[in-house]
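What follows is a short report on a single structure.
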Amino acid sequence: MASALRRTLLLQHARIPTVRRAFSTSITQRQTVSPGDASQASSDSSSSTAVPPLRLSKEQREVLEEMIRVDQAGELGANWIYRGQYAVLGSDKKVGPLLQHMWDQEKHHLKVFDGIVSQYRVRPTALRPIWEMAGFALGAGTALMGKEAAMACTEAVETVIGGHYNDQLRELLKIDHPDIAELRKVVQQFRDDELEHLDTAIDQGAQRAPQHELLSNAIKQGCKAAIWISSKV
């Protein structure tokens, strides 16, 4: 059962080739170069290529900014969900390492999107403190209900995020630009990571949580609302 939802989400976007785990880090590498290091970087063959200007239409630019803002906010929320879960279940010898692994991946995702927000000069969401508190409350609250409820939370969140990243990939395919090609790789890799989390959650008994369907649907609707709000605010 763990792979059924994952296959469904992947099949929604089957035309996009799978990206290797060791995906290109050129975006993040370019983000680490400070203005004071620009002259040195220009002579470094590994980072000498300047970031080309984005020649996008107004509509394309608006779509891109909305995507990046939502993704950064989503990775922020995921970080705090896992932080909350780990605060409650981190000492569990079986579940703790799994939560730590997924949390570490989310930390990496957020770091990358923080860099992308800076690169594309996107206004981040103004609701960061709210998403931090809401994420921690959701993570800790479901963890206090038990391991299965925590995993049901992860299952619901990652189902929505996996589908959301698929939708973004379809939109990004419509924009022909070298930097957008790199962004597509990042989004696709992160989607695959989120679907890995989905598999883990189901394997760890997510669907055995008390009132699973009710809990899952409530979390999914909350995630969808957060995505819409973050796209605007």
* Please go through the range 86-150 and write out the trypsin sites (Lys or Arg not before Pro) that DSSP classes as loop and that have at most 13 other C-beta atoms within 10 Å. => Lys93, Lys94, Arg121
* Measure off 7 Å from each Cα along the Cα-to-Cβ vector at Gln207 and Asp176, then give the distance between these two points in nanometres to one decimal. => 4.4
* Just how many % of Cα pairs in the range 54-232 lie over 20 Å apart, if you round to the nearest whole percent? -> 50
* Evaluate the charge dipole of the range 92-193 about its Cα centre and quote only its size in Debye, nearest 20, assuming +1 on the Cβ of each Lys and Arg and -1 on the Cβ of each Asp and Glu. => 160
* Structure fact -> Note, Ala149: beta-carbon cut-off 14 Å, +1 each Lys/Arg, -1 each Asp/Glu, net -2
* Of all the C-alpha pairs in the range 63-158, what % are more than 16 Å from each other? -> 53
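The numbers here are math on the coordinates, done by the rules we state, and not lab data. All values reported here derive from a predicted model rather than from experimental measurement. Please note: Cβ atoms are built from the backbone with ideal geometry, for glycine as well, and neighbour counts cover all protein chains shown.
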